[in-house]
Amino acid sequence: MPASRLALLLSGCCLTVGSLAAPAFSQQSPKPRVEKPQPAAPAPAAAPAPAAAPAPARVSREQRIQAYEKFLQARRYIAQADPLNAITAFKEVLALDPTAATAHVELGNLYLEGRNLRDAEYHARQAVALDPEDAMAHWLLGRVLFLQSSGAALNREKAREAVAAFETVAKLDALNLDVYRLLGRLYRDLNDTENALSAYAKLIGANQGGPEEFAAATELYFRKRRYRDAANTARQAYALSGENPQWGYQLSQALLYAGQTAEAIDVLKELLEENGNNLRLILSYAEALMRGGRYPEAEQQVQRVLSERPNHPEALSILAQVQRRSGRREEAVKTLRQALAGQDVTETLAQQYALAETLVELGRTEEAVAAYEAALRSVSNPDNSVSESQRERAELILMRMASAYKAAGKLDQELATYDRMRRLLGSESTLADLLLIESLRSEGKHEEALKSARAARQRFPNERQFVYLEAQVLARLGQVDQALKELSRVAEEADDAGEVAQMKAIVLSDANRFEDAERLARQAVRYDEKNIAYLVTLSSILERRKQYAESEQLLRTALALDPDNPTALNNLGYFLAERNERLDEALTLVQRAVNIEPTNSSFLDSLGWVYFKQNRLDLARQYIEQALSYDRRNATLNDHLGDVLERLGDLEGARRHWKIARSLATDPEDINRIDAKLQRGQTAETQ
């Protein structure tokens, strides 16, 4: 919000109390308190506590007339831009009638306009105590507290008090829409995203929102990952601002995250036509072109920057992404090493991660681990411990390190990394155990996974995730009834019965008991019809049961609730592709999911699979191979790449990947299907 607009809202001049109607003075009248006019009203040295209402005062008719005359005189002083005499006159009003709340409001406004916040607060609290139903008194108090809450650091106590005052205004005065402008700002500063969005929605819904409010709403929608909504509000901010480049840039970012890459490219291209040398716009344009798969054009824009600044870190990072996505991974490694040369690792962790991931994709595991080790050292203390402020980063680095070993099939090093994680993060961390059990499950080592899950349950009896993992492992071992029994025990204690029903549905689905799985999944949805995970689970089960129409409708319901949920986008696109239906729509949906999570192997595989269904085989191979670089030991990905290679005429390559898929598959239906392909491939080779 611009300072001019904020100043107007927070000054006393926007009050409507300036009519010449008589203030509501008391009709009772003992001897009034006399107050000598002074430059400032008396107030405690510290911030005043909420004032108690004065004892009822008896005011004579003559005093009321005199007070009214003084009130009108004070208003005339305000009209003449004479605040000092206005203050004196209002004090005389209060001397005649100490219970005149309106005079306190007017005095408070004058002090607020002069930035005398202490005295403004004193009179605001007096007014609220005298007349709790006076909306203008609460409006004054809220604005004073708003200013007091601001500063180098937010005063959260003052901010919460300001919120309470403004919420009271909203109840008492439906015509005061500016209150939502300030409420939105306060809720945003307090990280209360839902209430902030609600406040801005009321302002925008009444056609009172300016570009600042639309921009603020855009930022909040970003926090909620509601990128479609963010794009809509950013578009309004851009239009209302007269196509201000600041809001245009915000719009381009919202469009990118919403998967509307083509429109983002158009917006950035238009902005660059008028701001051709703006570094931020050039790099954003390059990134948008990259996301749109227009790699040569993206590289051309990056080279504009690098021709003048050869070691610009962000430009080099985008260039590396272009090279990596277009399959030029060795070049990407070279570019990333150039970007990291001479830089503080703590300031370039994103590039360090990208370098390590690229090395993993190239099969250079030891170099990738060395990059992760450098990143870990940068967030560790001299004694190799990790402070609480760096804990999240350390967790992420160790997770990626374990994933690198897993992708290389180095189970011993992967397990050693989990042990290291326990030592570094402490005995209270559950992360290492969760990852270990998931790893053993994915390797088909269900007995070991079961043993680890039960051991973890002993150490973390209140962590439900270990119960869920144990149940899933039991189901894979054919002990479905025991799995359901374990989950039923949790259901007796859990406060979220829907979550337990969902897990039962997943267990039953894994055991191919789809009718029972459907019943439990529907039960979960009944508990919470807006839970995206429940809707996605039921959709997947119905897809397996060939109830395609309802499965699709559930995913569209999920997307109506969360338009940018990447899992819902991916699943809907993949299901459409599997049925060879509406492939153009399927491509758009999966591309949006990949734009949100560009390194998700499942999403990349889905994108490759859509291209396969469209017979765009080179693109299909590119994206499925990219997916495999992140998850080499995935049966579905190897199976899909085998299908692509068969279509391309590479029968030897197809059989190689089908064999890998066969060795990794655990579902009997998948095993039979892959065996049939291998038999078909063998027959074709002998002909």
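Summary of values
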read-out	value
Mean Cβ count within 10 Å, highest first, over the residues of peptides 412-423, 99-110, 633-644	99-110, 633-644, 412-423
For the stretch 562-686, size of Cβ-based charge dipole, Lys and Arg +1, Asp and Glu -1, in debye	340 debye
In Hz, Karplus ³J(HN,Hα) per residue of the stretch 208-216 (6.51, -1.76, 1.60; θ = phi - 60°; x = Gly, Pro)	10, x, x, x, 5, 5, 5, 5, 5
Proportion of all alpha-carbon pairs of the stretch 562-686 beyond 27 Å (%)	16 percent
Cα-based shape type of the stretch 468-539, given that a ≥ b ≥ c are square roots of the gyration tensor eigenvalues and the cut on a/c is 1.5	oblate
Estimated inter-spin distance, Arg647 and Ala153, nm [label 7 Å along Cα→Cβ]	5.9 nm
In degrees, nearest ten, helix 446-459 long axis to first principal axis of the chain (Cα)	30 degrees
Dipole magnitude of the chain about its Cα centre (Cβ charges: Lys, Arg +1; Asp, Glu -1), debye to nearest 20	640 debye
Partner aspartates and glutamates for Lys158 [C-alpha distance under 13 Å; skip if fewer than 8 residues away on the same chain]	Glu121, Asp189
Where a label projected 7 Å from the Cα of Thr588 along Cα→Cβ would reach, residues of the stretch 223-266 with amide N under 17 Å	227-229, 231-232, 255-266
Farthest toward positive dipole pole in the chain [+1 Lys/Arg, -1 Asp/Glu at C-beta], among His640, Thr430, Leu283	Thr430
Listed residue (Ala152, Thr168, Thr193) projecting farthest to the positive dipole end of the stretch 117-228, Cβ model	Thr193
Subset of Lys91/Lys171; Lys451/Lys530; Lys224/Lys445; Lys445/Lys485; Lys202/Lys530; Lys451/Lys613 violating a 32 Å alpha-carbon distance limit	Lys451/Lys530; Lys224/Lys445; Lys451/Lys613
In order through the stretch 385-390: 3J(HN,Hα) via Karplus (6.51 cos²θ - 1.76 cosθ + 1.60), integer Hz, x for Gly, Pro	7, 10, 6, 4, 5, 9
Between helix 668-686 and the chain: long-axis angle, C-alpha atoms, 0 to 90°, nearest 10	50 degrees
Cα-based radius of gyration of the stretch 386-438 once divided by 2.2 N^0.38 Å, which approximates compact folds	1.07
Among Tyr295, Tyr548, Trp139 - extreme Cα towards positive end, dipole of the chain, charges at beta-carbon	Trp139
Cα pair distances exceeding 41 angstrom across the chain, given as percent	47 percent
Nearest-ten-degree value, helix 135-149 long axis tilted from longest Cα axis of the chain	60 degrees
R0 of 35 Å, Cβ-Cβ distance Ser60-Glu133: FRET efficiency to nearest 0.05	0.85
The stretch 346-429: translational diffusion in µm²/s, Stokes-Einstein, Kirkwood Rh over Cα pairs, 37 °C, 0.692 mPa s	256 µm²/s
Eligible lysines near Lys334 by straight Cα distance, threshold 27 Å, same-chain separation 8 or greater	Lys406, Lys410
Nearest-0.05 FRET efficiency for Gln246 and Asp82, computed from C-beta distance (R0 41 Å)	0.55
Evaluated over the stretch 60-107, the Cα radius of gyration and Dmax, each in Å	9.9, 31
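Taken together, the values in this text are just the output of simple stated rules run on the coordinates, not laboratory data. From a predicted model like this one, the values you see are computed outputs, not experimental measurements. Cβ atoms come from the backbone with ideal geometry, glycine included; neighbour counts cover every protein chain shown.
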